Amino acid sequence: MSAKSKLNQVKAFFRKPHNIILVVLLVVLGYLTLVPLFTIVFDTISVHSSEVRFVKKPAGSLTLYHWTKMFASGVTSQKTFYEPFINTMVVAFLSCVLAILIGGFFAWTVTRTNIRAKAFISTVFVFPYIMPAWTLAMAWLNFFRNSRIGGAPGLFTVFTGIETPNWFAYGLFPIVVVQGLHYAPFAYILIGGILRNMDANLEEAAMLLHANRWQIMQKVTIPIVRPALLSTFLLVFSSTMSAFAVPAFLGSPVRFQVLTTQMFRTLNGMNPGYGYIMALVMIVIGVGILMLNQWITGRRKSYTTITGKSSNISLFNLRKARTPLTVLLVGILLMIAILPLVSFAIESFIMAPGDYSLSNFTTEFWIGLGRADIANSEPGILRNPSIWLGLTNSLKLSVIISLIAGTVGMLSGYAIAKRRGSKLSTWVNNLTFFPYLMPSMAFGAIFLSMFAVRRGFIPALYGSFWLLVIVGSVKYLPFASRSGINAMLQLSGEIEEAGTIMGVPWLKRMTHIIFPIQKTTFISGYLLPFISCMRELSLFILLVSPSTRILTTLLFQYNEKGWNQYANAINLMIVVIVVGFNLLINKLTGASIDKGIGNN
Amino acid sequence: MPRIELTHITKKFGKFVAVDDLNMVIDDRSFVTLLGPSGCGKTTTLRMIAGLETPTEGIITINDKVVFSSEDGIDVPPDKRDVGFLFQNYALWPHMTVYKNIAFGLENLKWPKDKIKERVEELLSMLKISEFSHRYPSELSGGQQQRVAIARTLATGPKVLFMDEPLSNLDAKLRMEMRSELKRLHRETDSTFVYVTHDQLEAMTLSSMVCLMKNGYMQQYAPPLEVYRKPANTFTADFVGSPNINLVDGTVRSTSPLVLQLSEQVSLCFSSNSPIAVTEGQAITLGLRPEHIGLADDAQAMAQAEIVSSLPSGMETIIALDMDGKRLHSVVFGDLDFEVGKQVGLSFAHGLFNLFDKESGNNLGQGKLSKA
């Protein structure tokens with residue numbers, strides 16, 4: 001082939017918009033996800049300025065100090081790494097099992113039995129997942145905290161007089177319960193999706209061959225949903241493993257450490273080198289899990305994708321159990337989705353914690369001007385300038401990130417689907433998904449280390465709002481690109497080509513043909529980053545400065561200071577914004593968060 | 001006028017060669033079908049001419065204007081090629097009404113509003129779908145959707161129309177109806193049609209030229225009846241015609257006169273109208289169209305066979321025969337039925353027969369058969 005025709009091929013290649021998108025994404029994402037990976041490895045073997053004193057080497061020089069301390073130094077390693085590591089694995093595993101049991105049971109009940117109030121159950125059950133992860137943790141503390149660890153007793157103790165034991169109030173048990181409940185909706189959406197799409201004929205065929213209900217369940221239904229179950233398990237596992245807020249709220253009072261809380265301590269403290277190693281360990285596990293997941297779903301795809309009309313499925317008749325079970329499930333839902341909010345509201349109106357008598361109620365923490373005797377004269381949150389700053393920052397950040405992530409995700413989905421099967425498309429696909437595997441805090445940490453200084457034409461970004469925007473946009477790109485790819489795969493290529501051949505320009509094809517047809521899926525791609533960002537703590541906690549503080553980091557600070565009422569009030573605010581926004585978008589466009597997750 | 005010429009067109013997907021060194025000329029106002037089994041490269045060829053797919057190598061000219069050349073780096077985008085494309089799944093935009101679907105292309109050409117209305121109404125009545133203009137595609141039946149898709153494609157008045165298996169999603173009755181409709185449109189619109197199908201009957205009935213493809217290679221490019229009468233090789237012989245041609249293997253017993261040994265007991269004399277290059281003992285395949293196998297009484301019979309099954313359909317009857325171990329199909333016209341298991345005499349006195357080389361499958365020549 002001559003040089004000229006080579007050049008022509010290159011020109012022809014770049015005349016296609018999807019090729020341009022892929023190449024740009026490859027370069028930008030490569031820089032934003034792969035380069036940090038190298039810097040983080042370098043960070044584990046270099047001396048940071050805060051470590052000079054005990055490493056006894058100049059800052060910036062190379063050392064294996066962190067690695068040996070971390071893995072092969074007896075009690076130190078035991079305390080800093082092995083114990084938190086085992087705690088993390090135990091928490092992640094148990095929360096996963098719990099999430100799948102609860103989510104799976106609800107999914108089966110809603111799709112396969114004649115239970116009442118199905119619409120209510122499926123709407124409300126998703127709430128705990130939309131709400132910030134620590135919502136339930138805070139609610140748990142509101143109810144069950146005890147006076148032994150310090151502070152006032154919770155509602156439960158006040159009303160029953162029973163002092164909750166430490167194991168019940170703090171540490172492993174509540175963390176597992178809270179994370180299990182938080183991720184149960186995730187399992188519910190994934191398993192419910194499979195059950196709903198599963199061809200009912202498969203079960204009916206077994207019934208006609210004289211199998212009873214139990215046999216059908218055991219021999220047909222469960223084997224068919226098993227790959228989905230495994231895949232759900234792995235996805236939930238990787239999420240619970242990298243969760244920070246819940247262990248921070250429920251574990252720290254009894255010094256129950258997991259990798260993320262340990263990472264926060266070390267990165268924020270004197271030993272960033274330790275923190276970067278932990279981040280690396282979590283990334284390696286995350287990638288391993290993803291590869292396992294791809295292997296499982298890839299190998300067994302043949303029957304997870306079987307879909308059919310299951311409109312006439314014969315529902316399991318609950319008979320006499322129908323009403324009691326409905327009441328029970330609705331009761332559980334109210335307890336995990338509504339009651340926490342009530343508790344935040346109550347806590348935020350109480351003057352002295354632990355005293356729930358009417359005279360102790362006050363509006364001080366909402367609209368007070370600030371009193372010298374409480375919380376350093378901090379004004380009530382509706383009059384508090386730093387809270388208003390946090391709120392506007394949070395909203396601004398979430399809107400910008402959702403616009404960037406949603407748009408880039410849609411374009412990448414379009415380009416990836418268009419060139420499906422090519423090497424370039426596979427690379428970009430993996431790159432857009434890679435941030436999903438990065439534990440949020442580790443991701444924040446590496447951006448911190450990468451952009452603290454000027455890099456080429458990019459100025460030093462530490463303390464700038466745009467650093468938060470970049471981190472968030474990259475981190476939430478996977479949600480948006482998944483919806484984008486799904487939307488495009490459902491759309492036959494001919495739909496666009498019919499426009500191409502009529503001379504409709506690319507931009508008009510996107511805005512007049514492709515977007516309107518797959519509107520709801522694309523909008524889910526915008527909604528997910530918005531909601532995730534609104535309630536995100538661990539990703540931003542290392543990166544905010546006083547002028548860029550957001551609601552979630554404020555909440556964390558108030559909680560650390562023990563100003564419970566402020567924390568509760570802010571949490572209520574976040575939950576109301578997030579849930580309200582989700583319902584609004586859902587009403588207006590039909591898009592919803594569960595659509596986005598369900599397509600994962 | 002739109003004459004389409006493909007020169008050395010090759011398309012590779014990675015290592016897989018979809019179309020290999022294809023050369024063809026599509027004359028103005030012709031109706032050309034690209035015919036072949038699935039995966040033979042016919043749709044790829046069509047999409048390359050339309051500009052939806054980029055060839056790896058070669059030159060395409062439409063109307064004497066080069067629209068693609070790998071060497072010169074020319075790749076005119078589809079909308080600048082003045083072509084229309086009818087998709088297999090119609091690709092109607094589900095969020096636009098029938099009217100909007102048809103009008104969309106004209107709006108893009110910045111036609112004035114009243115002109116668009118006039119043109120859309122003309123098309124709606126031409127395709128007899130005026131009453132559906134405000135419906136959405138999902139509210140139409142398959143046949144109606146098909147008509148909307150055709151109207152949308154015709155709206156901008158393209159001089160060349162590409163169709164990718166447009167009838168494959170319709171039921172048998174509608175398909176018949178749409179076939180004659182397409183022939184009518186071809187005449188009325190005065191444009192060139194290029195049509196992809198795997199249905200040989202569609203190709204035979206509709207087109208003025210058939211391009212038969214297999215594994216990326218063009219097998220034969222000729223008018224349909226010529227493909228039927230004089231297939232270039234055993235593949236094209238077998239692909240065209242229903243019931244299928246009988247391909248009987250044998251050897252050359254002697255070259256002058258040319259005698260073919262088809263089985264132990266059956267040998268026939270093949271007298272060709274032009275010289276045929278064969279050698280004694282060469283393995284050959286004889287092509288016998290079912291309608292050229294007649295039943296005869298013993299005096300005229302060239303071979304004996306047993307009736308294995310008889311499938312009368314009123315106008316004709318298809319008989320399966322066992323001729324000394326070789327299975328043959330014959331078509332006998334008229335409302336007749338035959339007794340299974342009966343011995344009958346066969347005659348090959350009518351029609352021209354094609355002789356193929358067994359190894360290459362290529363056509364060696366045509367001739368008449370007589371008793372050896």
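The values are calculated or read from the model by the stated rules, or taken from the named source; none is laboratory data. Keep in mind it's a predicted model, so treat the numbers as computed, not measured. We place every Cβ from the backbone using ideal geometry, glycine too, and count neighbours over all the protein chains shown.
At a glance:
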{"quantity": "Looking only at segment B:98-112, and only at residues there that are within 9 Å of another protein chain (Cβ to nearest Cβ) and over 12 Å from residue B:152 (Cα atoms), the one that is surrounded by the most Cβ atoms within 10 Å (Cβ to Cβ)", "calculated": "B:108"}
{"quantity": "Flag if residue A:76 is free of Cβ contacts under 8 Å to residues at least 40 places away in the same chain and among the β-branched types (Val, Ile, Thr)", "calculated": "yes"}
{"quantity": "Criterion violated by residue B:46 - all others in (1) within 14 Å of chain A (Cβ to nearest Cβ); (2) at pLDDT 90 or above; (3) in contact with a Pro (Cβ under 7 Å, 6 or more places away or on another chain); (4) under 30 Å from residue B:155 (Cβ atoms) satisfied", "calculated": "(3)"}
{"quantity": "Qualifying residues in segment B:19-38 (those that are polar (S, T, N, Q) and modelled with pLDDT of 90 or more) - the one nearest to residue B:6 (Cα to Cα)", "calculated": "B:23"}
{"quantity": "Matching entry among B:308, B:344 (being over 19 Å from residue B:251 (Cα atoms), of a type in the set (Val, Ile, Thr) and surrounded by fewer than 17 Cβ atoms within 10 Å (Cβ to Cβ))", "calculated": "B:308"}
{"quantity": "Single match in A:47, A:35, A:41 (criterion: surrounded by 11 or more Cβ atoms within 10 Å (Cβ to Cβ), touching a residue at least 24 places away in the same chain (Cβ under 8 Å) and in contact with a Lys or Arg (Cβ under 8 Å, 6 or more places away or on another chain))", "calculated": "A:47"}
{"quantity": "Residue check for residue A:456: free of Cβ contacts under 8 Å to residues at least 24 places away in the same chain, away from every other protein chain (no Cβ under 14 Å) and on the phi > 0 side of the Ramachandran plot", "calculated": "yes"}
{"quantity": "Matching residues in segment B:8-26 - criterion: being within 18 Å of the chain's Cα centre (by Cα) and surrounded by 14 or more Cβ atoms within 10 Å (Cβ to Cβ)", "calculated": "B:19, B:22, B:24, B:25, B:26"}
{"quantity": "Residue that is surrounded by the most Cβ atoms within 10 Å (Cβ to Cβ), among those in segment B:57-97 that are more than 9 Å from every other protein chain (Cβ to nearest Cβ) and assigned to a loop (DSSP other than H, G, I, E, B)", "calculated": "B:82"}
{"quantity": "Tally, over segment A:400-444, of residues that are of a type in the set (Val, Ile, Thr) and farther than 25 Å from residue A:541 by Cα", "calculated": "4"}
{"quantity": "Residue ID - farthest from the other protein chains (Cβ to nearest Cβ), chosen from residues in segment A:490-533 that are surrounded by fewer than 20 Cβ atoms within 10 Å (Cβ to Cβ) and small (Gly, Ala, Ser)", "calculated": "A:493"}
{"quantity": "Cross-chain or 6+ apart pairs with Cβ under 7 Å, segment B:357-372 first and in contact (Cβ under 8 Å) with a residue 12 or more places away in the chain, then among the hydroxyl-bearing types (Ser, Thr, Tyr) and outside any strand (DSSP E or B)", "calculated": "B:361/B:234; B:365/B:274"}
{"quantity": "Members of segment B:30-48 found to be out of contact with any helix residue (DSSP H, G or I) (no Cβ under 8 Å at 6 or more places or on another chain) and either buried (at least 22 other Cβ atoms within 10 Å of the Cβ) or under 11 Å from residue B:194 (Cα atoms) (or both), listed by number", "calculated": "B:30, B:32, B:40, B:41, B:42, B:43, B:44, B:45, B:46, B:47, B:48"}
{"quantity": "Yes/no for residue A:194 being buried (at least 17 other Cβ atoms within 10 Å of the Cβ), assigned to a helix (DSSP H, G or I) and either at pLDDT 80 or above or aromatic (Phe, Trp, Tyr) (or both)", "calculated": "no"}
{"quantity": "Residue list for segment A:346-379, restricted to those being modelled with pLDDT of 80 or more and either loosely packed, with under 12 Cβ neighbours inside 10 Å or touching a strand residue (DSSP E or B) at 6+ places or on another chain (Cβ under 6 Å) (or both)", "calculated": "A:349"}
{"quantity": "Helices (runs of 4 or more DSSP H) completely within segment A:1-49 that count 2 or more residues being over 25 Å from residue A:484 (Cα atoms), in contact with a Ser or Thr (Cβ under 7 Å, 6 or more places away or on another chain) and away from chain B (no Cβ under 14 Å)", "calculated": "A:35-44"}
{"quantity": "Out of A:341, A:431, A:389, A:411, sole residue that is assigned to a helix (DSSP H, G or I), touching a His at 6+ places or on another chain (Cβ under 9 Å), aliphatic (A, V, I, L, M) and touching a residue at least 40 places away in the same chain (Cβ under 8 Å)", "calculated": "A:411"}
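Let's see how each residue does on (1) outside any helix (DSSP H, G or I); (2) under 27 Å from the mean Cα position of the chain (by Cα); (3) surrounded by 14 or more Cβ atoms within 10 Å (Cβ to Cβ); (4) away from chain A (no Cβ under 12 Å):
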position: B:114; (1), (2), (3), (4): no, no, no, yes
position: B:125; (1), (2), (3), (4): no, no, no, yes
position: B:135; (1), (2), (3), (4): yes, no, yes, yes
position: B:166; (1), (2), (3), (4): yes, yes, yes, no
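The rows are residues; the columns are (1) in contact (Cβ under 8 Å) with a residue 12 or more places away in the chain; (2) within 33 Å of the chain's Cα centre (by Cα); (3) part of a loop (DSSP other than H, G, I, E, B).
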{"position": "B:256", "(1), (2), (3)": "no, no, yes"}
{"position": "B:264", "(1), (2), (3)": "yes, no, yes"}
{"position": "B:268", "(1), (2), (3)": "yes, yes, no"}
{"position": "B:274", "(1), (2), (3)": "yes, yes, yes"}
{"position": "B:287", "(1), (2), (3)": "yes, yes, no"}
{"position": "B:309", "(1), (2), (3)": "yes, yes, no"}
